[in-house]
Amino acid sequence: MTAQHDAGLQLREITKKFGTFVANDAVSLDVQPGEIHCLLGENGAGKSTLMNVLYGLLQPDGGQIILDGEELHVENPRQAMAAGIGMVHQHFMLVEVFTVAENLILGREGGPVLNLEKARAKVTELAGRYNLPVDPDARIEDLPVGIQQRVEILKALANDAKYLVFDEPTAVLTPQEIDELMIVMQKLRDDGKGIVFITHKLREVRAIADRITVLRRGKIVGSAEPGTSESELAELMVGRAVDLRIAKPEAKVGQIRLSVKGLTVANPAGAVVVDGLDFEVASGEILCIAGVQGNGQSELADALLGNAQVTSGTVTLDGVDVTHSNPRQTIAAGLGFVPEDRQHDGYVANFTVAENLVLNRFTTQPFSKGLALDLKAIADNATDLVERYDIRTESITKLASQLSGGNAQKLVLARELSRDLALLVASQPTRGVDVGAIEFLHKRIVAERDTGAAVVIVSTELEEVEALADRVLVMYRGKAVGIVSPETPRDVLGLMMAGVPYEEALANSKAAATGKDN
Amino acid sequence: MTTFSAAEAVLDQVVRLEKVESADQKRARLSTGSLVVAAGLLLLGLSFGAGQIAHFAMSNAFDEVQLPTFAVPAGPAVLISAVLCLAAGVGLISGRLSPAWRRAAGVVAGTSFLFGFLSWAAATSALPFPVSNQLSGTVATATPLILGALAGVIGERAGVVNVAIEGQFLNAAFAAGIVGSITKSIPAALVAAVLTAVATAALLALFAIKYLMDQVVLGVVINLLASGLTGFLFDQLVQPQSRVLNSAPTMQPIPLGPLANIPFLGPILFNQTILVYLAVLSVAVVWVLLFKTRWGLRVRAVGEHPKAADTVGISVVAVRWQAVLVGGIFAGLGGAFFTVGSTGSFAKDLTVGNGFIALAALIMGRWHPIWAALMALFFGFVTQMASQLQTLSTPVPSEFLLLLPYIATIVAVAGLIGRSRAPAADGTPYIK
Amino acid sequence: MSSTTSRPAFLAYLSQYWREWAITGAAMVLALLLGAILMVVADPEVSANFAYLFTAPQLALGGAWAKVAGAYSALVAGAVGSPEALAHTSAKAAPLICAGLGVGLGFRAGLFNIGAQGQAIMGSIVAAYIGFTFQLPYGLHLLVAIIGGVAAGALWGGVVGWLKAKTGAHEVIVTIMMNYIAAGLLAWLLTTAAFMRPGRMDPISPEVQPTSALPGIYQQFHLGFLVAILAAAAVWWLLERSTTGFAIRAVGLNPNAAATAGMSVAATTTITMTFAGALAGLAGVQAALGPSANGVPVPLTVGLVGTVGFDAITVALLGRSRPLGIVLAGLLFGGLSAGGLAMQSVAQTPLTLTMVLQALVVLFVAAPALVQTLVPILKERKSKKVAMAGGEA
C-alpha cells in the first residue's frame, strides 16, 4: 500500500496545524479508482481536517496532493471540483430555502441568466444515471434527511467527479437508510469512482471497505484488512483495548418519579414533533430514548425541561404536575438537564468555569444573598467540583471556551449532578467525547441512578443505549414505537428505529436470519 | 434483503407531519387581530363625533381634466368603516380564516381604516381632501424610500445588514447638491450621488466583511460619520459660498406622452421626475437580478448558507462585496432625491431619518424587492397624508400626524410582522 | 475590571491589556491625522497653496501646519487647558457617561439600544417639566426631578424591551422609531400651554427653578458629574456582583444556555432595557438641570439634548461596554465636545469636525486589524490562539 502508484489520488505527508494544535501530522493516504477506502478514527482524530485540506477548504502547512501522478494545488473547492473531486459533507451544504435544482446548479449555472429548465433536466438526468430519484422542484427544507443526502450526493457527482469523499454520511440516517447508502456507494465504486469513506462506526467499515486506514490524534496509526474484527479495529482507533460496557449493578427500581401521559409537542413552525407519548420512569432506573436523530427526541427533552410548547398531555414529577412549568421551575423541582448541544445550550463559553458551575443556581443559597452574588461560595463550589469531576482546567477563573469537549461535558454534568435530583435528563451525554471520558461519564450517570433519581438518556448511539439502559423506548416520527429491553437484538432495534413495530421487526429479523442460513 | 424492503415501505411514505398552531403563530394571530379591532373601536369612537360632510377632490386645480369633488356623509362613512374594520379584526382573532381570507381581511381592515380616518379628518374641514395630490405626493415621497429599501434588500440578501442607508443617502445628497450646483447638470449630479453612495457602501463592506465589525453598530457609526463629514464640509466649504455650491438645478416632471393625459391616473403615475421612473424600474431590475440571474442565485446562497456556497467554489467575500456595492447604486439614486429631486439645496442632516424608514420598509417587506417597495409606498402614503391633513388644520396636532409613520412602523414590527424570517446568515460574517 | 489595584495585579493587567490600550491610542492618532487632512482639503485658501507644493513647499506645508495646529491646539486648550476647560469637559462628559452606560448595558445583554436618544429626550422633558412647574424646597425638588426624568427614560426603554420580549419586534427598529416619536412629542409639547414660556411664541420652555438645578461645584463642574460616576459604579456592581447582572451577562453571551439554565430571556431583556432607559434618562436629566456656562440650566428646546444618544453609542463602543471604559471614553468625547466649541470660536473650525473624529476613532478601535496594518508595531508576534478551531466540528 505504501508503494508509489502513478494512478489514483494521493495525499502525501499532509500536515495541518491550528495554532499549536497539530490536527494532521504528516498524514499519507491514497485512493484508487474503483475502491472504497475507509478512513476510521474517533471524533477529533483529524479526519475531517484532512478531507477539508483535500477539498481546498483548508490550506495545509506541509505535504502535497498528487492526482494521477501529477501534483495538484487546491486552494479552493472550485479547483478541487475541476480536478474531479467531489465531497458529500457531514453537515449538508445545501441551501434550505432553495429547490433541489437550484442547489444543484449553484456554482455551475452555465451563463449569467438562470436556466431552471436546464437545471431540472440535469437533475433528472443525473438522478436517472445513478438511480437516485429526487423531485427537482422540491425545496430542501421540505425533504426528509435521507433524500437531502441524496441531493448532496448528486451535487458531488454533478461535476463528473472521479473521486468522492463521504464525510461521516451515516450520522443522521436510520439503519435502513444506511443500508441503502451502502448500496449506492458500492454501485458508485463499481462505476469506477474512487471513494474515501470517513466514519467512526466499526460495523459500517467492516461492511463495505476495500481498505481501511486508521487515524488517531492526527496521525496514521495503521491500516487493516476488511476482515479485521471489530474489537481489533476499536483497539487501533482508540489506542487501547476498549470495553464500552461498564460494570453496572442491577437496577433497584423504586417508586415511579416521572410520569408522562399523552404528551404532544409542537415546534415553532406548528408541526407536531412529539405525538402522544406515554411512559414512566421509576427511581433507580435508566430509560434510554433511542431513535435516529430528528424523530422528536430533542423536543421531548426540551418539553421535560419546560422549554417547548406542550399542546396536550401531562408531565408529572414526584406527583407534581410540571407540564407547563418553565425551566426555572422544573430545575427547582429537581430536574438535572444535560442538553444535546452543550456548546449551544449547556454552558456560556465566555463565562469562567466557576460561573458556569452555578449557571442554574446562582440565585439560590449559598451562591447569593438577596441581590448580591457570593463570589467566595461560587469559587469554593467550583474548586470542589473541578476536583471531584476531574475537570482539567488551569484555574476556575479560566473561560469555559478553553476546555476540551470532554472536559466541557464534565463541567455540565458536574453542575447538574451536584444537586439533589429527582430526575436527570441527559441528551447525547458522550457525543464528541473521547473514550476515557465516556467511561467516566457513564459511571457518574449510573451512580446518579443508584442514588434514587429517575434517569432519562436520549441517545442515537446504540452502543451507549446498550451500555446504560435498563429499558429502551424507541421513538420514530414523534411516536413511541415500543418500549423494549436493552438486550433486544440490534437489527430489531434498527428496524424499530425505522418505525417497524417490535413484533414485526422481530419476525423480519428472524426471516432474514433464516434467509442467510439457506 | 427482506429487512430492507420493510424499511423501504416505511421510508416511501409521504412525510407529512401533523400541523397545529404554534405559540408564535397564536401570538401573531391575537396581536394582529386585536390591533385591527382596536383600530375599529377607534373609528367607532370617531364616528360619533364626525362632522357632516367629507369632501374628496379627485383632481387639483392644475390638472387638464377636472374631475368632480365627491361629498361623503362623514358619520355613516366612518361608521361603516368601523364596522368593516371590526369584522375583519374579529375574523382574524377567531383563527378560522383560510390564508386567502386572512389576507383579504387584512386588506379590508387597512383600506377601511384609512378611508374611515380620512373621512373623519376631511369632515372637520371645509376644504376638500385632495386625493390626487395625496397619491402623487405618495409616489414622490416613497421614491427615496423605495430606492433605499432596494439597497438594503440586495445587501441583506447577501448577508450584510445595512443600517447605513441613512448615511449613504446623506453623502449622496451632499455630492449631488455640490456637483449639481457646479455643473448645473442633473445627470452629473446623479452620477456623483451614485459614486458617493457606492464609496460609502465600500466603507460598509470593508468594515463588515474584512474587519468583521458588528454590522448594526457599524451602520450607526457610518451614519455618524456621514453626518459629521457632510456637516463639516457644509460649514467649512459650502455655506460661505452657497450661491456657487448650493444651488443645484431641480428635476422637472417628465410627462410620458399621452399616458400623462389619462384623467386622474395620468398626473399621478405618468407625470413624475426621472427619479420616480428610475425607482419603479429599479424594483423590476432588482427582482430580475435576484431571482433570474446567476449572480442573484449566488447572492441569495451567500446570505442563506455561505459555507454551502463556498464548497461549490463561490467566493463568499467577493459576492458580498459586489452586493453591497450594487446596493450603493440604488442608495445613491435615493440620496439624490433630497437635493436635486426636491429643492436643489443641501442642509445639514436633511435626510431626517428616511434611511431608517427605508430599513423598516425592507424588513416589513420581508427582504423581497416588490414587497419592500410596497411597504415604502405605504410609508410614503402615511407621510404624505400627515402633511395633507396638516394643511386642512384637523383637530389632531400636526406634530402627531408627522409621527404616524414611526408609530405605524412599531405597530407593524411588533404586531403584524413579529418574528419575520431574515436571510439565515444576515449579519453574520463569514470566517473560513 | 481590576479596580482593585494591588501592584502585581496592576502589572498583570498591564501586560494583558497594553496592546488594547495602544491600539486605542493609535486609533486616536489616526483619526486626528485624517481629521487634519480633511481640514486642509476643505479649506480653499490652505489647499490652494498645494499647487505650489514643489516650487514653494514652505507655503503649502506651513499653511497646512498653521491651520491644523491652530485648530487642534484650540481643541486641546478648550478641553484640558485650564481649570475652566476641565470643568467644561466634565459637564459635557457627564451626560455622555450616563447615556453610554445605558447603551453599554444593553450591549452586555446582547441588545442594540439605539434608542438612548429618545430615552434621554424623555428624561429631559420630565425633569425640566418638574423643574419649572413645581415649587418645592431645595434638595427635594432636585430629587423629584431626577427621579421623574429617570423614570421617563426607564419607561421609554422598558417599552422596547417589553415589545421585544413579547412579540420579537427587533429592538433596533423599535428604538430608532421611538427616537423620532420622542423628538416629535417634545416638539408638540413645546407648543402647548403647559410647556411654552409665557410671552414667547417660539418653542422654548421657562427656565427651571433654581431649587431643581444640579448645584455647581466649580464653574460648570457640577453635582451631575458625580452622579454619573456613581451611576458607573452602580452599573459595575450590577454587572459584576449581582444576580441580575449575572443573568444579563449570561443572556448576552449565550441566550440559549441561559434559557436552558432557567433564566428568563424575556424578563432579562425587559429589565435590561428598563435600566438602560433609566441611565439614558439620567443623561437627559443632566442636560435639563445641569448648569450651563452662565450658571443656570438651559431651558427645554427641541435641541436640548443634542445628539447625546448617538454619541453614547460611540462612547459605549470605545469603552468596550465596561463601566470604567465608558467613564474614560465619556471623558474623552466630553473633552472633544468642549474643545470643539473652543476650536469653533478660536480657530473658526466647525464643531462638526469633532463628530468626524469621534466616528473615525470608533471605526479604528472596532477594527484592530486595520490599525495593526497601518501601525505594524502593534502586531502580535505569535498567534496564541489555542486550537478550538481544529477537529471535526
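The values are calculated or read from the model by the stated rules, or taken from the named source; none is laboratory data. What you see is a predicted model, and the numbers here were worked out from it, not measured in a lab. Please note: Cβ atoms are built from the backbone with ideal geometry, for glycine as well, and neighbour counts cover all protein chains shown. Accessible surface is based on the protein model in full, side chains and every heavy atom, while ligands, DNA and RNA are left aside. Shrake-Rupley method; radii C 1.70, N 1.55, O 1.52, S 1.80 Å.
Please find the FRET efficiency linking A:VAL320 to C:ARG241, where r is the Cβ-Cβ separation and R0 is fixed at 35 Å, and quote it to the nearest 0.05.
0.55
By how many nm would the segment from A:ASP68 to A:GLU232 grow when fully extended, if each residue of separation counts as 0.36 nm and the alpha-carbon distance is taken off?
55.7 nm
Using +1 on the beta carbon of Lys and Arg, -1 on that of Asp and Glu, and nothing else charged, what's the dipole of chain B about the Cα centre, debye to 20?
Once rounded to the nearest 20, the dipole reads 680 debye.
Around A:VAL338, which amide H atoms from residues at least 5 apart in sequence, or from another chain, sit under 5 Å from its own amide H, with H modelled in the peptide plane?
It is A:VAL425, A:ALA426, A:SER427, by chain and number.
Could you tell me the distance between the Cα centroids of the range A:15-36 and the range A:183-262, to the nearest Å?
20
Where the centre of each part is set by its Cα atoms, how far does the range B:108-184 sit from the range A:55-112, in angstrom?
Cα centroid to Cα centroid, the span is 45 Å.
P(r) tail for the range A:343-419, what percent of Cα pairs lie past 18 Å?
For the range A:343-419, the share of Cα pairs beyond 18 Å comes to 31 percent.
Report the label-to-label distance for C:GLU207 and B:VAL83 in nanometres (one decimal), using points 7 Å from each Cα along the Cα→Cβ vector.
Here the modelled spin labels are 6.1 nm apart.
Output the Kirkwood hydrodynamic radius of the protein assembly as shown, Cα pairs only, in Å rounded to one decimal.
34.7
Pairs to check: B:LYS348/C:LYS164; A:LYS122/A:LYS162; A:LYS155/A:LYS193; A:LYS17/B:LYS307; A:LYS47/A:LYS155; A:LYS252/A:LYS479. Give those whose C-alpha atoms are more than 24 Å from each other in this structure.
B:LYS348/C:LYS164; A:LYS252/A:LYS479
7 Å from Cα along Cα→Cβ at both B:ARG96 and B:ARG243: what's the point-to-point distance in nm?
7.5
Once amide H atoms are placed 1.01 Å from N in the peptide plane, what residues at a sequence separation of 5 or more from A:ILE289, or on another chain, have their amide H within under 5 Å of its amide H?
Correct list: A:ILE457, A:VAL458, A:SER459, A:LEU473.
What nm value, rounded to one decimal, do you get for the distance between C:TRP65 and A:ILE483 when each label is placed 7 Å out toward the C-beta?
Each label point is offset 7 Å from its Cα along the Cβ direction, giving 9.0 nm.
Give me the Kirkwood hydrodynamic radius of the range B:272-320, using the inverse of the mean 1/r over all pairs of distinct Cα atoms, in Å to one decimal.
Computed over the range B:272-320, the radius equals 11.9 Å.
Give me the dipole magnitude in Debye, nearest 20, for chain A about the Cα centre, with unit charges on the beta carbon: positive for Lys and Arg, negative for Asp and Glu.
Using Cβ point charges on Lys, Arg, Asp and Glu, chain A gives about 700 debye.
So for chain A, averaging the separation of alpha carbon pairs under 8 Å that are six or more residues apart and normalising by length, what relative contact order in percent results?
14
Please compute the Cα-Cα pair-distance distribution of the range C:245-363 with 5 Å bins starting at 0, giving whole percents from short to long.
The distribution over the range C:245-363 is 2, 9, 14, 17, 18, 14, 9, 6, 5, 3, 1, 0, given as percents.
Taking only DSSP H segments of four or more residues, each worth -39500 (n - 2.57), what value at 222 nm results for the protein assembly as shown once the sum is divided by all its residues, to the nearest 500 deg cm²/dmol?
-18000 deg cm²/dmol
The range A:221-323: which trypsin sites (Lys or Arg not before Pro) are DSSP loop and have at most 12 other beta-carbon atoms within 10 angstrom?
When the trypsin sites (Lys or Arg not before Pro) of the range A:221-323 are filtered for loop state and at most 12 Cβ neighbours within 10 Å, A:ARG240, A:ARG245, A:LYS252 remain.
Between C:ALA293 and A:ARG217, what is the FRET efficiency for a Förster distance of 45 Å, r being their Cβ-Cβ separation, to the nearest 0.05?
The computed FRET efficiency comes out at 0.05.
With a probe of 1.4 Å, find how much accessible area the protein assembly as shown has per residue, and write the answer as a whole number in Å².
About 40 Å² of surface per residue is accessible.
Excluding residues on the same chain fewer than 8 positions from A:LYS219, give the aspartates and glutamates whose Cα lies under 13 Å from its Cα.
Those aspartates and glutamates meeting the cut-off are A:GLU13, A:ASP25, A:GLU42.
Evaluate peptide A:352-363: per residue, the Cβ atoms of other protein chains within 10 Å of its Cβ; return the mean as an integer.
Across A:352-363, the average partner-chain Cβ count within 10 Å equals 3.
Chains A and B: buried accessible surface, both sides, probe 1.4 Å, rounded to 100 Å²?
3800
Just how much of C:LEU14 is accessible, in Å², when a 1.4 Å probe is used and the result is rounded to the nearest 10?
80
Nearest 10 degrees is fine. How inclined is helix A:435-450 to the longest principal axis of chain A, computing both from alpha carbons?
The helix A:435-450 is inclined about 30 degrees to chain A.
Take each uninterrupted DSSP H stretch in chain B, measure its Cα extent along the helix axis, and return the ones at 27 Å or beyond whose mean Kyte-Doolittle hydropathy is at least 1.0.
B:74-94, B:186-205, B:316-338, B:369-391
Using modelled backbone amide H atoms (1.01 Å from N, in-plane), which distant-in-sequence or interchain residues come within less than 5 Å of A:LEU373's amide H?
Excluding prolines and chain starts, which carry no amide H, the hits are C:SER242, C:THR243.
Could you give the dipole magnitude of the range A:215-300 about its Cα centre, charging the beta-carbon of Lys and Arg +1 and that of Asp and Glu -1, in debye to the nearest 20?
The dipole magnitude comes to about 400 debye.
What residues in the range A:166-201 lose 40 Å² or more of accessible surface when the other protein chains are added to their chain alone (1.4 Å probe)?
So the qualifying set is A:GLN176, A:GLU180.
Put simply, what bits of the range B:234-272 lose 50 Å² or more of accessible area when the other protein chains are there, versus the chain on its own (1.4 Å probe)?
Buried by 50 Å² or more upon assembly, which counts only protein chains, are B:GLN236.
Angle check, please: helix A:145-157 long axis (alpha carbons) against the longest principal axis of chain A (alpha carbons), in degrees 0 to 90, nearest 10.
Compared with the principal axis, the helix lies near 30 degrees.
Take A:TYR130, project a point 7 Å from its Cα along the Cβ direction, then tell me which residues of the range A:172-199 have their backbone nitrogen under 13 Å from it.
A:181-196
For chain A, with the dipole built from +1 on Lys and Arg beta-carbon atoms and -1 on Asp and Glu ones, taken about the Cα centre, which of A:PRO486, A:GLY284, A:ALA469 lies farthest toward the positive end?
Going by the charge dipole, the pick is A:GLY284.
Over the residues of the range A:253-389, compute the C-alpha Rg and express it relative to 2.2 N^0.38 Å.
1.20
Interface size between chain C and chain A, please: total buried accessible area, 1.4 Å probe, rounded to the nearest 100 Å².
2700
To two decimal places, what compactness ratio does the range B:131-416 give when its Cα radius of gyration is scaled by 2.2 N^0.38 Å?
Relative to the 2.2 N^0.38 Å estimate, the range B:131-416 comes out at 1.00.
Just to be sure I understand the rule: take each whole DSSP H helix in chain C, project its Cα atoms onto its long axis, keep it if the span is 24 Å or more and its mean Kyte-Doolittle hydropathy is at least 1.6. Which ones pass?
C:171-189, C:223-241
If only Cα atoms are counted, what is the Rg of the range B:25-124, and what is its Dmax, in Å?
Cα radius of gyration and Dmax of the range B:25-124 are 15.9, 52 Å respectively.
Of all trypsin sites (Lys or Arg not before Pro) in the range B:30-105, which ones are in loop regions per DSSP and have a Cβ with at most 12 other Cβ atoms within 10 Å?
For trypsin sites (Lys or Arg not before Pro) across the range B:30-105 that sit outside H, G, I, E and B with at most 12 neighbouring Cβ atoms in 10 Å, the list reads B:ARG96.
Cα to Cα, under 20 Å, and not fewer than 8 places away if on the same chain: which lysines meet these conditions relative to A:LYS398?
Excluding near neighbours in sequence, the set is A:LYS376, A:LYS410, C:LYS384, C:LYS385.
Just checking the output field for A:319-327: average partner chain Cβ neighbours within 10 Å of each residue's Cβ?
1
Considering only protein heavy atoms and a 1.4 Å probe, what is the carbon-and-sulfur percentage of the accessible area of the protein assembly as shown? Could the numbers behind the result be given before it?
On the way: 33350 of 53900 Å².
That share works out to 62 percent.
So how much accessible surface do B and C hide from each other in total, probe 1.4 Å, in square angstrom to the nearest 100? Don't skip to the end; give the middle numbers.
Details: alone 21240 and 19460 Å², together 36790 Å².
Roughly 3900 Å².
Using only Cα atoms, locate the centre of the range C:59-84 and the centre of the range B:356-407, then give the distance between them in Å, rounded to an integer.
Distance between centres, Cα-based: 46 Å.
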